[in-house]
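Any read-out appearing in this document is the output of simple, stated calculations on the displayed coordinates, not a laboratory observation. Quantities reported herein were computed from a predicted structural model and do not represent experimental measurements. A quick note on method: Cβ atoms are made from the backbone with ideal geometry, for glycine too, and the neighbour counts reach across all protein chains shown.
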Amino acid sequence: MARESKSTKWPYNLMRLLLLITSILLLLATSAFAEPTMIKLSQLATPGSTKVLAIGYFKKLLEERSHGRLLVEIIDSKQSDTPDSLEQLERHKIQLAVPDLTNLSFRFQDLQLLELPFLFRNLQQLQSFIESSSGKQLFSSLEQQNYKALAFWDSSFRHLIASCPLPTATDARGLNFIGAENRLASVLFKKINAGQPPITNHTGYNCRTLDEVQITDLDKNTVQYGMPPQIVTLSNHSVTGHLILAHREFWEGLPEDLKVITQNAMKDAGDYARELAEQADQLAVQQIEKGGTLGIYRLSPAQREQWRKTLLSDCPLVMNDRLKQWFEMLTATKTEQAD
């Protein structure tokens, strides 16, 4: 058989090359003009708050990094006929929700672990646990109801406010704790004064003037300025925060490259939220010190450890087996104490 000449073969190869180039151009054109994916995100927060600013930053990052393939529409929950963000996710009215961790833990009780007072010695230990295999296992209860936990944005720390400093748990004996993070935390704080008569606070303050301890962050709307004088014990015993949830069906249908872009944008927005919260906390402390109405008492690392041991000593007795396993792992972890 005669061998095919080069002059006969080259037009065929040229045609194949042209077809390949045309296919690539068509593919690029299709991608360039494809409809962007719209992400509706529900929020319920005070304008100018850390949460609102972080969500706005997340929207900016996501739209820029996806080159317009992802667009974010922020929905005010107050304007919805279903203000509950989880219900909005269930009905596919939104694709992302940013619920408060405390509210979420009433529905998914395993999440109470993240707000146990004095359990995490610092934010690094908290975030390390969340990103670990144990943290992913903790969030698996959400996936059973078609929610996908994508990130946790930590915010301000909680502290103890009373009419006296609280260097140790003994100093709080007989006082009523108000505003505990969740049911489990409430049980632990109540244990301090269960059946215990009030004692004279060894700091010399009269704690009977206002026989309660307010558990709160330093937000100006939650700290009660006025009489009688109050002391903020900077305990940093737990952190407020928000979970970023997606509907699992939406998340699984998102292209892999857009998942990566979304997760990276969430991480950077979470770092931004943390910076804002730290600045707000520092400013709040400065304003309290200048104002003179409230006093400030800073726990030392040794005092925080004493609080930790007192509150958490009987914790496994009121936990289910899953929580007990994670609790024992965390309390056995040797980490650097927070300042």
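Once you list every other residue whose beta carbon is under 14 Å from the beta carbon of residue 322, what net charge do they have if Lys and Arg are +1 and Asp and Glu are -1? After counting each charged neighbour, the total is -1.
Taking 7 Å steps out from each Cα toward its Cβ at residue 67 and residue 325 produces label points 4.5 nm apart. Value of Rg to Rh for the stretch 67-126, rounded to two decimals, is 1.10; Kirkwood radius and Rg both from alpha-carbon coordinates.
Subtracting the Cα-Cα distance of residue 24 and residue 186 from their residue separation scaled by 0.36 nm leaves 52.1 nm. Sorting 174-186, 299-311 by average packing, meaning the other beta carbons within 10 Å per residue, from highest down gives 174-186, 299-311. Ordering 136, 51 from the fewest to the most neighbouring beta carbons within 10 Å gives 136, 51.
For the stretch 249-292, taking the reciprocal of the average inverse distance between every pair of different Cα atoms yields a Kirkwood hydrodynamic radius of 13.0 Å. Size estimate for the stretch 35-332 follows the Kirkwood approach: the inverse of mean 1/r over distinct Cα pairs works out to 20.5 Å.
For residue 70, the residues whose modelled amide H falls within less than 5 Å of its own, excluding neighbours fewer than 5 places apart on the same chain, are 37.
Between residue 282 and residue 302, residue separation times 0.36 nm minus the direct Cα-Cα distance comes to 5.0 nm.
With 0.36 nm allotted per residue and the present C-alpha distance subtracted, the residue 52-residue 145 stretch has 30.8 nm of extension available. Taking each of 60/136; 51/93; 60/324; 190/267; 51/136; 267/324 in turn, the alpha-carbon distance tops 31 angstrom for 60/324; 190/267. For residue 237, the residues whose modelled amide H falls within less than 5 Å of its own, excluding neighbours fewer than 5 places apart on the same chain, are 158.
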